[in-house]
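Note sheet for the following structure.
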Amino acid sequence: MAAIASHRTGNAAESGSVVLRSRFVRRIGYAALLLPAVVGAAGAVAVGRSDAARRWWARIGEQGPAARAENGRPGRARLLAHSLLCLPLGLLALIPVGLEILFVLRGILYPLVQPGPYTNAWGGPSMAGAWLAHFGIGLLFAVAGLGALWLLNRLHARLAGGMWGGRVGVWPVAVTAAAFAGGVMLVIAWLHQV
């Protein structure tokens, strides 16, 4: 009987970890698609489809049915203001999305993207050493990119509460502005380096 109970407990813990993983992946996906959501929601409001924009922002901002029912429906002005407020977050999300794309191209597919010789490459002179070095460094940046996307999603969820009548405070707006300024400086520095 104890074996059956421990087996059931293991399944419950396992299903809980699956839920956490799926929530983590969903949040990363929402953050990666934040810029298209900003453009789509602003466009939907502009053509008179505010209900569609409300549904998108409620799903992406993780505002459950209880919060939506309690705080009412945001009007067109709030929907557009939220889109404008989230535009920097959507633009900022392009940086970690770019890191993920670079990881695939320069980490996983390195031998296909960079055909030898590998004498001056990191990890060279062999192809295996160069691939392993680029894969390892790319993996670190890919994990950092996923973490950044998760953080952007959490910041957006905090900002989305204000659209539904919740109190946002000054910190999420200040963090958004500071992160956007840092992202702009990073992109400018990267462009000068290229």
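Here is how the numbers come out for the structure above:
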quantity: Whole-Hz couplings from phi, Karplus 6.51/-1.76/1.60, listed for segment 167-181; x for Gly and Pro; calculated: 8, 9, x, 8, 5, x, 5, 5, 5, 4, 5, 5, 5, 5, 4
quantity: Percent of C-alpha pairs per 5 Å bin, segment 38-158, short to long; calculated: 2, 11, 16, 14, 12, 9, 8, 8, 7, 6, 4, 2, 1
quantity: Sequence of ARG78, ARG167, ARG27, ARG21 when ordered by accessible area, the most exposed leading, probe 1.4 angstrom; calculated: ARG167, ARG21, ARG78, ARG27
quantity: Distribution of pairwise C-alpha distances over segment 108-194, 5 Å bins, in %; calculated: 3, 12, 13, 14, 14, 12, 10, 8, 6, 5, 3, 1, 0
quantity: Heavy-atom SASA rank of VAL38, VAL113, VAL25 (probe 1.4 Å, accessible area, largest first); calculated: VAL25, VAL113, VAL38
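The values are calculated or read from the model by the stated rules, or taken from the named source; none is laboratory data. Bear in mind the structure is a predicted one, so any value in this text is a computation, not a measurement. Keep in mind that these areas ignore ligands, DNA and RNA; they rest on the heavy atoms of the full protein, side chains included. Shrake-Rupley method; radii C 1.70, N 1.55, O 1.52, S 1.80 Å.
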